[in-house]
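Have a look at the structure below, then the notes.
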Amino acid sequence: MNDLQRFRETMLALPATTEETPFGPDVPVYKVAGKMFALMIPEEVPVRMNLKCDPDRAMELRDEHEAILPGYHMNKRHWNTLLLDGSLSDAFVDELIRHSFDLVLSGLNKTARERIQALLD
């Protein structure tokens, strides 16, 4: 299994997550309860993944890792682009995926948030 497939399965394993292609068939978008938390650009070399991130942490991550850039075609304050070139560990990318998911989850209405949170516990 390649990294792209592994990260795809990681995202789809999160509750209430869907994979959609609103930007065309080559850009999968991952949403929780209809709100985007990730997208991948698999045709790029290296593969790019955009993830939502706390603004303060986003800046720190960009300073610490060459493979983390301001969000490509996204709000650069709230989104990072990860270059999946092998320099970021799978566990670290998994952590950033979960951070993005949790940020979006926290912005959902109380009923949806509690329903999905119960599936995580």
Tell me what the chain gives for mean residue ellipticity at 222 nm when only DSSP H runs of n ≥ 4 count, each as -39,500 (n - 2.57), the sum divided by the residue total, rounded to 500 deg cm²/dmol.
-12500 deg cm²/dmol
Using the alpha carbon gyration tensor of the range 46-86, what are the three equivalent-ellipsoid semi-axes (square root of 5 times each eigenvalue), largest first, in whole Å?
15, 12, 6
Given a Förster distance of 25 Å, the FRET efficiency implied by the Cβ-Cβ spacing of Ser106 and Lys76, rounded to the nearest 0.05, works out to 0.75
Once you charge only the Cβ atoms, +1 for Lys and Arg and -1 for Asp and Glu, what is the size of the charge dipole of the range 25-104 about its Cα centre, to the nearest 20 debye?
460 debye
With at most 11 neighbouring Cβ atoms within 10 Å, loop GluC sites (Glu not before Pro) (DSSP) excluded, longest segment of the chain:
67-121
Taking H as built 1.01 Å from N, whose amide H comes closer than 5 Å to the amide H of Ala16, not counting residues under 5 places away?
none
Hey, quick one: spin label on Glu64, modelled 7 Å out along Cα-Cβ, who in the range 96-114 has an amide N within reach, i.e. under 18 Å?
96-103
Which of the peptides 21-28, 73-80 is most tightly packed, and how do the rest follow, judged by the mean count of other Cβ atoms within 10 Å per residue?
73-80, 21-28
Would you kindly calculate the mean projected area, averaged across all directions, of the convex hull enclosing the Cα atoms of the range 3-106, in square nanometres?
5.9 nm²
Quick one: 3J(HN,Hα) in Hz for the range 30-39, Karplus 6.51/-1.76/1.60 with θ = phi - 60°, rounded, Gly and Pro as x.
10, 10, 10, 6, x, 10, 5, 10, 7, 8
Assign unit charges at the C-beta atoms only (+1 for Lys and Arg, -1 for Asp and Glu), then state the dipole size of the range 80-121 relative to its Cα centre in Debye, rounded to the nearest 20.
320 debye
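Computed from the coordinates by the stated procedures, all read-outs in this text should not be read as laboratory data. None of these values were measured; they are calculated from a predicted model. As a convention, Cβ positions derive from the backbone with ideal geometry for all residues, glycine included, and neighbour counts pool all protein chains shown.
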